[in-house]
Every structure is written in structure tokens, then in C-alpha cells.
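Read through the structure below, which is laid out as C-alpha cells, and then see the notes.
The values are calculated or read from the model by the stated rules, or taken from the named source; none is laboratory data. Quick caveat, the model's predicted, so the values are computed rather than measured. Note that we place each Cβ from the backbone using ideal geometry, even for glycine, and neighbour counts take in every protein chain shown.
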Amino acid sequence: MGAYTFLTYCTLQETHTDNVAGQRGYIFPSGVTWDTAGTNPFLIAVNFKNGGVTPIYKVAGVIRVFILPATLDRPIQEYNNLGEPETAQNKAFLYKDIVIGLPGKQTFPANYLDLIATNQKSRVYAWGEIEFFDVFNERRTFYFCYRFTRERIADNEYEYCDKHNGEDPN
């Protein structure tokens, strides 16, 4: 009798965990736009949507835009102290087609396009995080990071950074 009760409990617990995961809201980048003319200041916007079946709440985020080495010598988060990030407004909730936009702006040296040419050792990086609460009142974080060369800016293309993209493991 005890073994049957334990097996029933384990089965119900697993079903509950699967149901929670299936109902959880999550966030994803729905678009990245910037001025392809290479203007100064460099303007970028990253838009996010909720891809889950339930709303997400208290959505807020930050974006940082700086010129960094093409090959980073440490994790991107360790560059967070370079300056004040741009912040997004705190949206009450995101659901279905509601979008939160995260605008970034940074003034660079006049020759910044030459510094970030493909054959050079620097890139423009735009990175940050979006924090939100799901319907189970759990705080979640989504990290993002994009990298640009002069040629990719002009061609309306970007690269994903090697790391720092995706939701936290919680």
C-alpha cells in the first residue's frame, strides 16, 4: 500500500511540474532595429514579446551599448560597469501581441565605423537583460547580446554573441 501511494504521489508531482512549465509565460526578442546609415549616436531598439500562454508581469529591462574587443577577454556581464544603461519602462504585463521596446543610444568617437570594420579588433555590442514575473509569481530573467561590424550595420545584419542569450536556467 505504501509503495502504491508513493508511486501515485510521484506521478502526480511530475504531472503538476509539466503543467506549470506548459503554463509559464516566457519572453523572446521579436525584433532588433538600428540606424543602418551608421549615424552617431548609434541608435538601436530591441523589442520583446511574450511567447507563453499566460501573461507576464512587472516587465522591465536594461540595454548597454559600447565598443568592445571583437573577442571578449571576459564574460560580457563583467563590462556592465562601463556606464549607465538605458532602461525600459516597467510594463504592467505582456501578453499576446503586446511589445516592450528597449531603446539604446550611445555616442561613439567620430571614427567608430573604422574601429569596428570586419578586419579590425573591435565591435559594437548591445547587451542587457529583461526581468519579469510569471503567473506563478516567479521572477525570471532573459539575457540578450548582439554584436555589430561596420559591414553588418550597413547590411542590416547582426551577430549573436557567443554567450549571454536566452532565459535563465530557473
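Report yes if Thr71 is over 17 Å from Asn40 (Cα atoms), out of contact with any Pro (no Cβ under 6 Å at 6 or more places or on another chain), among the hydroxyl-bearing types (Ser, Thr, Tyr) and surrounded by fewer than 12 Cβ atoms within 10 Å (Cβ to Cβ), otherwise no. In short, yes. Sub-7 Å Cβ pairs linking a first residue in the stretch 62-74 that is touching a residue at least 60 places away in the same chain (Cβ under 8 Å) to a second residue that is among the aromatic types (Phe, Trp, Tyr), at least 6 apart or interchain, are Arg64/Trp127; Val65/Phe42, ordered by first then second residue. Residues in the stretch 123-139 that are more than 17 Å from Thr39 (Cα to Cα) and surrounded by 19 or more Cβ atoms within 10 Å (Cβ to Cβ): Trp127, Gly128, Glu129, Ile130, Phe132, Asp134.
Which count do you get for residues in the stretch 112-143 that are under 30 Å from Thr54 (Cα atoms) and either among the basic types (Lys, Arg) or touching a Leu at 6+ places or on another chain (Cβ under 9 Å) (or both)?
Qualifying residue count for the region: 5.
Note on the stretch 64-85: residues that are under 24 Å from Phe132 (Cα atoms) and assigned to a helix (DSSP H, G or I) total 6.
Taking Ile98 as the residue in question, decide whether it is among the β-branched types (Val, Ile, Thr), touching a residue at least 40 places away in the same chain (Cβ under 8 Å) and surrounded by 18 or more Cβ atoms within 10 Å (Cβ to Cβ). No; evaluated as a whole, the condition is false for this residue. State yes or no: is Gly61 within 23 Å of Phe108 (Cα to Cα), assigned to a strand (DSSP E or B) and modelled with pLDDT under 90? Answer is yes for this residue. For the stretch 103-147, residues that are more than 16 Å from Gly166 (Cα to Cα), without any contact (Cβ under 8 Å) to a residue 60 or more places away in the chain and not in a loop (DSSP other than H, G, I, E, B) total 4. Of all residues in the stretch 64-96, those satisfying the criterion of being farther than 30 Å from Asn119 by Cβ and either of a type in the set (A, V, I, L, M) or at pLDDT 90 or above (or both) are Ala88, Ala92, Leu94. If the condition is being more than 25 Å from Lys49 (Cα to Cα) and in contact with a Phe, Trp or Tyr (Cβ under 9 Å, 6 or more places away or on another chain), then the stretch 62-111 contributes Ile67, Leu68, Leu72, Tyr79, Leu82, Gly83, Thr107, Phe108.
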